[in-house]
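Structure record follows, encoded as structure tokens.
The values are calculated or read from the model by the stated rules, or taken from the named source; none is laboratory data. Computed from a predicted structure; not experimentally measured. Here Cβ is always computed from backbone atoms with ideal geometry, including for glycine, and neighbour counts include all displayed protein chains.
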Amino acid sequence: MWKLLGFMRAVNGFWHGEWERFPALDCPNHTQREMKGITDNNFGVIIAFLLPGFLLLWGLSFTFTQVSVWLARSGGDDAPTIGGFLYATLASLGLGLLISAVRWLVIDHLHNFTGVHCPDMNFANLRDKGRFAAFHGVIENHYRYYQYYANTLVAIATAFVAYIFLGPAKVPLAVWLVTIAILVALFLGSRDALRKYYDRATVILANTSRGESDDKRLWQGKKESQQKGGQEKETRKEEIGQEDK
């Protein structure tokens with residue numbers, strides 16, 4: 001747990017530009033730049049990829065002692081080093097992307113098979129600025145959390161299975177029960193978040209709205225009426241011409 005807290009504190013300091021803790025990363029112009037902290041634009045990426053990747057890395061450290069060397073530590077002689085911090089960050093990000101691929105292969109298809117289907121969405125509608133902003137909000141408020149729940153499920157399951165087969169000790173029954181409960185909660189949470197994302201995105205990216213459909217039918221009906229009226233006029237003129245002859 002202390003490894004996790006220490007790593008997250010180091011990441012938080014890195015995002016907020018606390019370069020004095022990492023002098024080797026300093027640059028001449030860093031004092032003139034305002035480093036951005038965790039914002040709405042990068043918070044979703046952190047919880048969707050970086051955090052699940054670190055959870056897997058942290059979980060594997062109980063099975064593989066070499067992995068613990070990469071993790072940033074907190075306090076005293078175990079203060080985080082530049083190499084350890086960068087190794088842990090890059091490894092977490094890489095594992096997070098790998099986890100996301102496994103999540104797509106397993107969890108996404110499992111949800112689709114069990115009833116949470118991906119709806120038909122017309123992404124051409126994102127040309128509208130209002131729809132684009134609304135869709136971005138749906139991603140950040142629902143899909144990012146789905147990615148976190150599902151990716152964390154994959155990370156915990158992978159680390160747990162690795163410990164079962166390669167760990168140094170037998171897994172107690174209590175750990176089994178707690179892990180299974182966490183996995184079930186993550187699965188149900190991911191299912192709920194994905195369903196909400198689909199429902200709200202469908203409203204925003206519907207192929208045609210009701211108003212647009214009504215306008216299209218009205219325009220087509222008016223055009224057909226004009227064409228029919230023109231044909232009737234031509235027919236009437238031909239009949240008058242024949243009567244005159």
Conditions (1) of a type in the set (Val, Ile, Thr); (2) closer than 27 Å to residue 67 by Cβ; (3) surrounded by 13 or more Cβ atoms within 10 Å (Cβ to Cβ) -> residue 171 fails only (3)
Residue 100 passes all but one of the listed conditions (1) surrounded by 12 or more Cβ atoms within 10 Å (Cβ to Cβ); (2) part of a helix (DSSP H, G or I); (3) without any contact (Cβ under 8 Å) to a residue 24 or more places away in the chain; the exception is number (3)
Going through region 86-135 in order, the residues found to be within 15 Å of the chain's Cα centre (by Cα) and within 19 Å of residue 199 (Cβ to Cβ) are 107, 108, 118, 135
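Being modelled with pLDDT of 95 or more and surrounded by fewer than 16 Cβ atoms within 10 Å (Cβ to Cβ) is the requirement here; does residue 182 meet it? It would help to see each step written out before you state the result.
Numbers: modelled with pLDDT of 95 or more: yes; surrounded by fewer than 16 Cβ atoms within 10 Å (Cβ to Cβ): yes.
So residue 182 fits the description; yes.
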Residues of region 134-147 being closer than 15 Å to residue 49 by Cβ and in contact with a Leu (Cβ under 7 Å, 6 or more places away or on another chain), in sequence order, are 146
Being hydroxyl-bearing (Ser, Thr, Tyr) and free of Cβ contacts under 8 Å to residues at least 60 places away in the same chain narrows 149, 145 down to just 149
task: Within region 141-158, identify whether any single residue is loosely packed, with under 11 Cβ neighbours inside 10 Å and either farther than 21 Å from residue 57 by Cα or among the β-branched types (Val, Ile, Thr) (or both), and answer yes or no.
output: no
